1. Any chance you could count how many residues in region 40-82 are at positive phi and either open to solvent by 70 Å² or more (accessible area, probe 1.4 Å) or acidic (Asp, Glu) (or both)?
2. Can you pull out every residue in region 148-170 that is within 11 Å of the chain's Cα centre (by Cα) and either open to solvent by 60 Å² or more (accessible area, probe 1.4 Å) or of a type outside the set (A, V, I, L, M) (or both)?
3. Somewhere in region 130-144, is a residue in a strand (DSSP E or B), under 23 Å from residue 22 (Cβ atoms) and modelled with pLDDT of 95 or more?
4. Please verify whether residue 126 is within 20 Å of residue 72 (Cα to Cα), in contact (Cβ under 8 Å) with a residue 12 or more places away in the chain and open to solvent by less than 60 Å² (accessible area, probe 1.4 Å), treating the condition exactly as stated.
5. Taking the stated definitions as given, is residue 71 of a type outside the set (D, E, K, R), over 19 Å from residue 89 (Cβ atoms), under 16 Å from the mean Cα position of the chain (by Cα) and modelled with pLDDT under 90?
6. So, in region 171-194, of the ones that are among the β-branched types (Val, Ile, Thr) and assigned to a loop (DSSP other than H, G, I, E, B), which residue ends up surrounded by the most Cβ atoms within 10 Å (Cβ to Cβ)?
7. Quick one: count up the residues across region 83-104 that are part of a loop (DSSP other than H, G, I, E, B), open to solvent by 10 Å² or more (accessible area, probe 1.4 Å) and within 21 Å of residue 177 (Cα to Cα).
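The values are calculated or read from the model by the stated rules, or taken from the named source; none is laboratory data. Not measured: the values here are computed from a predicted model. A quick note on method: Cβ atoms are made from the backbone with ideal geometry, for glycine too, and the neighbour counts reach across all protein chains shown. All accessible areas refer to the heavy atoms of the entire protein, side chains included, with ligands and DNA or RNA removed. Shrake-Rupley method; radii C 1.70, N 1.55, O 1.52, S 1.80 Å.
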Amino acid sequence: MKRFAGDDRHSSEVFRVFSVELQFSPKPAETPTMQVDERGLIFRSLIEVGEEAYKAALIRVSESSLDRRRLVKRQQLGPGAEAQDTFDQLKSMEYDPAWWELAFTTDDRLAGLVMPTQLPSAATIGYIGVAPEMRGKGYGEVLLVRGTATLLKSGAPLVRGDTDVDNRPMAKVFRSVGYRQFATRREFKVSLAT
């Protein structure tokens, strides 16, 4: 018998909520006009910086993440292995290395990164992150608009993104640039008793 956490029936299998994510897509009327001041950021692609610099940036932007899945992976694997896992997972999707960009301030400090990807069903903002000391400065909006524009220029008819339900700042970023929430996805895990 399968049951969900909180169910009082006896069983050796219990499904527990592992992750709850809010899913977003740009409002169709807003997509062509989506613009934001780039705040003086300088962008360098994966081609320009190389994989090692990109993975180092992934480690940096995932610090103090509000994403439950990322936190669990980071605890289990360590920061370097978690960054490698994220990098490899996103590389397994369709993408162009020129799409993946690191953003730097004019004094060459990492502000954040964006990793747009293409899935069979839709284009997606595969990963977006802002360095902890740069949060709250509007860089998330810049990165999201830039990633969305990249995917639209590539011919993607539909762009999607998601964020952990606890990552309220990222949900606010999606909404502030014209994305709308269209779904909530729950991921369950089962613990099997032996």
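1. Here is the first cut: in region 40-82, the ones at positive phi are 40, 50, 64, 78.
Still in the running and either open to solvent by 70 Å² or more (accessible area, probe 1.4 Å) or acidic (Asp, Glu) (or both): 64.
Of the residues in that region, 1 qualify.
2. Step one: list which residues in region 148-170 are within 11 Å of the chain's Cα centre (by Cα), which gives 160-164, 167, 170.
The answer is 160, 161, 162, 163, 164, 167.
3. Here is the first cut: in region 130-144, the residues in a strand (DSSP E or B) are 130.
Of the ones still in play, those that are also under 23 Å from residue 22 (Cβ atoms) are 130.
Filter once more, so that each one left must be modelled with pLDDT of 95 or more: 130.
Checking region 130-144: at least one residue is in a strand (DSSP E or B), under 23 Å from residue 22 (Cβ atoms) and modelled with pLDDT of 95 or more.
4. On the way: within 20 Å of residue 72 (Cα to Cα): yes; in contact (Cβ under 8 Å) with a residue 12 or more places away in the chain: yes; open to solvent by less than 60 Å² (accessible area, probe 1.4 Å): yes.
Answer is yes for this residue.
5. Details: of a type outside the set (D, E, K, R): yes; over 19 Å from residue 89 (Cβ atoms): no; under 16 Å from the mean Cα position of the chain (by Cα): yes; modelled with pLDDT under 90: yes.
No, not satisfied.
6. Step one: list which residues in region 171-194 are among the β-branched types (Val, Ile, Thr), which gives 173, 177, 184, 190, 194.
Imposing the further condition that a residue be assigned to a loop (DSSP other than H, G, I, E, B) reduces the set to 177, 194.
On the way: 177: 20, 194: 3.
Out of the qualifying residues, it is 177.
7. Quick first cut of region 83-104, residues part of a loop (DSSP other than H, G, I, E, B) only: 92-93, 95-100.
Still in the running and open to solvent by 10 Å² or more (accessible area, probe 1.4 Å): 92-93, 95-99.
From what's left, within 21 Å of residue 177 (Cα to Cα): 99.
Number of matching residues: 1.
Yes/no matrix, rows are residues, columns are (1) farther than 21 Å from residue 70 by Cβ; (2) charged (D, E, K, R):
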{"position": "118", "(1), (2)": "yes, no"}
{"position": "126", "(1), (2)": "no, no"}
{"position": "134", "(1), (2)": "no, no"}
{"position": "144", "(1), (2)": "no, no"}
{"position": "152", "(1), (2)": "yes, no"}
{"position": "180", "(1), (2)": "yes, yes"}
{"position": "185", "(1), (2)": "no, yes"}
